[in-house]
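Remarks on the structure that follows.
The values are calculated or read from the model by the stated rules, or taken from the named source; none is laboratory data. Model, not experiment: these values are computed from the prediction. Here the Cβ is made from the backbone with ideal geometry for all residues, glycine too, and neighbour counts use every protein chain on show.
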Amino acid sequence: MMSLPQASSVASRVDTLFYAMLGLSAIVVIGVFTVIVWFATKYRHGSKADRTRADSKSPGLEMTWTLLPFGLFIVIFAWSIALFADMSRAPENATSVYVVAKQWMWTVQHEGGQRELNTLHVPLHQPTRLVMTSQDVIHSFYVPAFRVKQDVLPGRFTQLWFEPTQTGTFDLFCAEFCGTDHSRMIGSVVVMVPADYSHWLNEHVGPGLSERGADLFRHLGCSGCHDPHSGIHAPLLEGLYGRTVPLQDGTWVRVDDRYIHDSILLPAKEVAAGYEPIMPTYSGRIGEEDVLALIAYLKVIGGASHEQH
Amino acid sequence: MSSIDAGISGLPAEKPTTAPEGTYLTEQPGVLSWLTTHDHKRIAILYAVAITAFFFTGGLAAALIRLELVTPAGDLMTAESYNKAFTFHGVVMVWFFLIPSIPTTLGNFLLPLMIGARDVAFPRLNLMSWYLYITGGIFTIVCLLAGGVDTGWTFYTPFSTMFSNSHVILTVVGVFIVGFSSILTGLNFIVTIHTMRTRGMTWFRLPLFVWSMYGVSLVMMLATPVLAMTLALIALERLLGLGIFDPALGGDPLLFQHFFWFYSHPAVYIMILPAMGVVSELITASVRRRIFGYDFMVYSIMGIAVIGFLVWGHHMFVSGQSMYASIVFSILSFIVAVPSAVKVFNWTATLYKGDISFGAPMLYALGFVGLFMLGGLTGLFLAATALDVNLTDTYFVVAHFHYIMVGGAVMAYLGGIHFWWPKVTGRMYSEGWARFAAIIMFFGFNLTFFPQYLLGYEGMPRRYHEYPPQFQVLNVLSSAGSTILALSYLLPLGYLGWSLRYGPRASANPWRAQGLEWTVPSPPPVHNFDETPVVTDGPYAYEAP
């Protein structure tokens, strides 16, 4: 039997829980099976076994086998949740990589402008956080060797993090059925020692994500309205990222990745207070990779100041 | 032939030889009289015929899937055809076989007999349910002939609403219609159990099969409308472009998953609760003892039915749902497993000091207990969030739910069909063939689905038309098992069909079993009971041997 590598910091912890539950299940299965075979043999029709005083209820016994599994379940639940919480929260120092899924491929953008298709290069022993969205239907980013999986949804950013503990090339699968070529939406994650990884980054360097965003900001005409010198009444975007702003309907929203994403693609959804809903939608005109680049740019011009708010 | 005459008890039963007169089968001959019947027993037969046809149609799709997966490359079908095959398999098996299987056949036939009633509360509604079922089925078959649907039985949005180029609407309409058949059957059973119990048949004297029909009817009535609503919303988004689930239109795809699993998780209990009811009847009759812990068995049926409504989010641990929601759904999923564990322990304890015979029904029942236990325990792995992250959407999940729905529900269904066959048809079947089929079914099933647990843990995602070569060995094992499994499903078609014409005539109670259904002739007369029976004791009152 082939065995799956434990190639991330959580993999061995996941396997320990798995094998603990497997052991417990084996005890239950063998226990019940043994009792069934024992009774089935001893009390088979025609046997001379003693059948007197056969009770058909025993509240004590029944409470025991109600409460005992319940107690065990609570223990497993607590164990599992502790691990799940660690798997759900990325460490502060994780490097962000941006993934866009589409029928039927994975596109990857690194902060430094490196772009990949169906491959993801990551450094060994350093946490990587994937910020993911989909261009079309729901996909799921699954690396069995890391024991991590996260659905990738259109119109929403989901995150997944891992810290590789082995170098090598590992399978990347799409785990959520996404149409005709679902089974071909596979790729690989390449884990490199940090020196090799830096080398790889330098070889594939391109315009940085936020620089590309700045270009797009001009080419798509965003600056025509959102520039301080523009004659059109549109929100200024400098220093905006991370702040909480009022909306026309009286509610407040935090300017984060999701809000910027939706403001570009669905501008009529949450209109900032004091502005006319005149922004045209860019849905269908630009892809999710470009939206990510624009967000990166708005973070740069809007960042730094927001910690003070 | 001694095994036939000996009955489950091992004691010879009286053997009638002449054809009984005035039974529900012979009175009013002619196809039209069957198609317009209000008799719950005849309606049960109508369902049984249709359900058997759907089972083998869905099974054919499964056979194609297993054949394709023998090799890693997609060499038998195109990706599109493969996707349509597993969608068809899922849709047909879930909605046209598993959900209606036990309630509409055994339930329709036995429920009035077990509580001493003349018929169900609304006989015309009962017939209408069958027509709704058939109409929904025709839509699904038409969809297949028109070119099929490729969304999976789960219809996840926005793929199903905005991206799939197949016959989503036609299929959704079919499932929508069959849903009303479920709702009406549930309504009918609840009213029947509340109002038509004979004198002395108090709630805590009801056979567990009746309790399971009560629990399942509640779930069918309360969950199915949510499915109908969800399917209607899919149709609205697909036809009119209303933004409900597609984010490009301002909708939310996770909303669909919440709606869908709010129905579809309870739907699993629609499949398994009746199976638990059947198995309780089979075991007590074969062991000749009262069920161990009757009260706990009743509470666990109702506990499963109620808590089953609160666990749907465990299908969504990696969907992007909040971590805190996942924690709550995880603990509730562990809690719903407690009553199932209690049932397994109580069935086992029922064997203690029994007088056990191993006829075909008992073999099916024991097979059920074993496979249900494996399916249930692996369900706990999936309830554990940290493990589910790795296992969800892999073959581990496929194996898990097949152990419950096929290993569990189908074993119990077939066990029930054998146990009540003499009552329904008035004929005995070949005990040797029946035992043989039950045994190879157990082994064929394990060979088919156990390798899929391993495939899932190794990381093979489900719904893959092609797969990396490291998964081939286990896939070949699984496909090999499926040929044995297919044979074991075809065998009963042969020997049960044979018994319809050539089987020895059955007495009123060939198993010497307890229960009101065994007090009437086999097959029963149209009006069920000559005199209204009066009940003076709880169920399974087998005397000490």
Original post:
Which number in (1) within 26 Å of B:Tyr324 (Cβ to Cβ); (2) not hydroxyl-bearing (Ser, Thr, Tyr); (3) not in a loop (DSSP other than H, G, I, E, B) marks the one condition that A:Pro91 misses?
Top reply: (3)
**OP:** Could you pull out every one of the helices (runs of 4 or more DSSP H) wholly within the range B:238-352 that has 2 or more residues that are in contact with a His (Cβ under 9 Å, 6 or more places away or on another chain)?
**Re:** B:253-287, B:323-350
Original post:
In the range B:307-326, which residues are within 11 Å of another protein chain (Cβ to nearest Cβ), small (Gly, Ala, Ser) and either surrounded by 21 or more Cβ atoms within 10 Å (Cβ to Cβ) or closer than 21 Å to A:Val137 by Cβ (or both)?
Top reply: B:Ser319, B:Gly320, B:Ser326
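Given the structure, is B:Arg501 part of a helix (DSSP H, G or I), of a type in the set (D, E, K, R) and at pLDDT below 95?
Working: part of a helix (DSSP H, G or I): yes; of a type in the set (D, E, K, R): yes; at pLDDT below 95: yes.
Judged against the criteria, B:Arg501 is a match.
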Original post:
Can you name the condition, by its number, that A:Gly213 falls short on among (1) more than 14 Å from every other protein chain (Cβ to nearest Cβ); (2) surrounded by fewer than 20 Cβ atoms within 10 Å (Cβ to Cβ)?
Top reply: (2)
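Could you look through the range A:59-80, keep only residues that are more than 40 Å from the chain's Cα centre (by Cα) and of a type in the set (A, V, I, L, M, F, W, C), and pick out the one that is nearest to the other protein chains (Cβ to nearest Cβ)?
To start, the set of residues in the range A:59-80 that are more than 40 Å from the chain's Cα centre (by Cα) comprises A:59-64.
Next, from what is left, pick out any that are of a type in the set (A, V, I, L, M, F, W, C): A:61, A:63.
Details: A:Leu61: 7, A:Met63: 9 Å.
The residue in question is A:Leu61.
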Original post:
Could we say that B:Tyr489 is crowded, with 17+ Cβ neighbours inside 10 Å, facing another protein chain (nearest Cβ under 7 Å) and either not in a helix (DSSP H, G or I) or not aliphatic (A, V, I, L, M) (or both) here?
Top reply: no
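Quick grid of which residues meet (1) aliphatic (A, V, I, L, M); (2) over 30 Å from B:Val70 (Cβ atoms):
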site	(1), (2)
B:Leu485	yes, no
B:Ser488	no, no
B:Pro492	no, no
B:Phe529	no, yes
Subject >> Residue match in the range B:180-202 (condition: without any contact (Cβ under 8 Å) to a residue 60 or more places away in the chain, surrounded by 20 or more Cβ atoms within 10 Å (Cβ to Cβ) and within 14 Å of another protein chain (Cβ to nearest Cβ)) >> reply: no
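Being among the aromatic types (Phe, Trp, Tyr) and at the interface with chain B (Cβ under 8 Å from one of its Cβ atoms) is the filter; apply it to the range A:37-58 and report the residue that is surrounded by the fewest Cβ atoms within 10 Å (Cβ to Cβ). Full working, then the answer.
Step one: of the range A:37-58, the residues among the aromatic types (Phe, Trp, Tyr) are A:38-39, A:43.
From what's left, at the interface with chain B (Cβ under 8 Å from one of its Cβ atoms): A:39, A:43.
Working: A:Phe39: 20, A:Tyr43: 22.
The extreme case among them is A:Phe39.
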Subject >> Which listed residue is modelled with pLDDT under 95 and of a type in the set (S, T, N, Q), from B:Ser286, B:Ser322 >> reply: B:Ser322
Original post:
Among the residues of the range A:59-80, is any in contact with an Asp or Glu (Cβ under 9 Å, 6 or more places away or on another chain), in contact (Cβ under 8 Å) with a residue 24 or more places away in the chain, outside any loop (DSSP other than H, G, I, E, B) and on the phi < 0 side of the Ramachandran plot?
Top reply: yes
**OP:** Specify the residue that is nearest to the other protein chains (Cβ to nearest Cβ); the eligible residues are those in the range B:532-544 that are out of contact with any helix residue (DSSP H, G or I) (no Cβ under 8 Å at 6 or more places or on another chain) and farther than 23 Å from B:Ala44 by Cα.
**Re:** B:Ala544
Original post:
Quick one: what pairs do we get from the range A:83-98, first residue within 14 Å of another protein chain (Cβ to nearest Cβ), second of a type in the set (A, V, I, L, M, F, W, C) and surrounded by fewer than 17 Cβ atoms within 10 Å (Cβ to Cβ), C-beta under 9 Å, 6+ apart or different chains?
Top reply: A:Phe84/B:Met323; A:Ala85/B:Met323; A:Ser88/B:Met323; A:Arg89/B:Met323
**OP:** Tell me, yes or no, whether the range B:427-449 has at least one residue that is under 25 Å from A:Cys174 (Cα atoms) and either surrounded by fewer than 24 Cβ atoms within 10 Å (Cβ to Cβ) or among the aromatic types (Phe, Trp, Tyr) (or both).
**Re:** yes
Subject >> Residue among A:Glu211, A:Glu238, A:Glu289 that alone is farther than 23 Å from B:Ile244 by Cα, assigned to a loop (DSSP other than H, G, I, E, B) and among the charged types (D, E, K, R) >> reply: A:Glu238
Original post:
What number of residues within the range B:124-154 satisfy the criterion of being within 11 Å of chain A (Cβ to nearest Cβ) and either crowded, with 23+ Cβ neighbours inside 10 Å or at pLDDT below 90 (or both)?
Top reply: 2
**OP:** Would you mind listing the strands (runs of 3 or more DSSP E) fully within the range A:111-153 where at least 3 residues are of a type outside the set (D, E, K, R) and within 14 Å of chain B (Cβ to nearest Cβ)?
**Re:** A:128-134, A:139-143, A:148-152
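Please enumerate the residues belonging to the range B:354-365 that are at the interface with chain A (Cβ under 7 Å from one of its Cβ atoms) and crowded, with 23+ Cβ neighbours inside 10 Å.
So the first thing to find is which residues in the range B:354-365 are at the interface with chain A (Cβ under 7 Å from one of its Cβ atoms), and the list is B:354-357.
B:Gly354, B:Ile356 - these are the residues of the range B:354-365 that are at the interface with chain A (Cβ under 7 Å from one of its Cβ atoms) and crowded, with 23+ Cβ neighbours inside 10 Å.
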Original post:
Restricting the search to the range A:154-178, which residues are out of contact with any helix residue (DSSP H, G or I) (no Cβ under 6 Å at 6 or more places or on another chain), within 25 Å of B:Asn165 (Cβ to Cβ) and not in a strand (DSSP E or B)?
Top reply: A:Arg156, A:Ala175, A:Glu176, A:Phe177, A:Cys178
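Each row is one residue, and each column tells you yes or no for (1) buried (at least 24 other Cβ atoms within 10 Å of the Cβ); (2) touching a Lys or Arg at 6+ places or on another chain (Cβ under 9 Å); (3) touching a residue at least 40 places away in the same chain (Cβ under 8 Å).
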residue: A:Gln103; (1), (2), (3): no, no, yes
residue: A:Thr107; (1), (2), (3): no, yes, yes
residue: A:His121; (1), (2), (3): no, no, yes
residue: A:Leu124; (1), (2), (3): no, no, yes
residue: A:Val131; (1), (2), (3): no, no, yes
residue: A:Val143; (1), (2), (3): yes, yes, yes
residue: A:Phe146; (1), (2), (3): yes, no, yes
residue: A:Thr158; (1), (2), (3): no, no, no
residue: A:Phe162; (1), (2), (3): yes, yes, yes
Original post:
What single numbered condition from (1) farther than 24 Å from A:Ala78 by Cβ; (2) modelled with pLDDT of 95 or more fails to hold for B:Ile331?
Top reply: (1)
Original post:
Somewhere in the range B:264-273, is a residue within 14 Å of another protein chain (Cβ to nearest Cβ) and either more than 30 Å from B:Val120 (Cα to Cα) or under 25 Å from the mean Cα position of the chain (by Cα) (or both)?
Top reply: no
Original post:
Of all residues in the range A:17-58 being farther than 22 Å from B:Gly376 by Cβ and part of a helix (DSSP H, G or I), which is nearest to the chain's Cα centre (by Cα)?
Top reply: A:Thr41
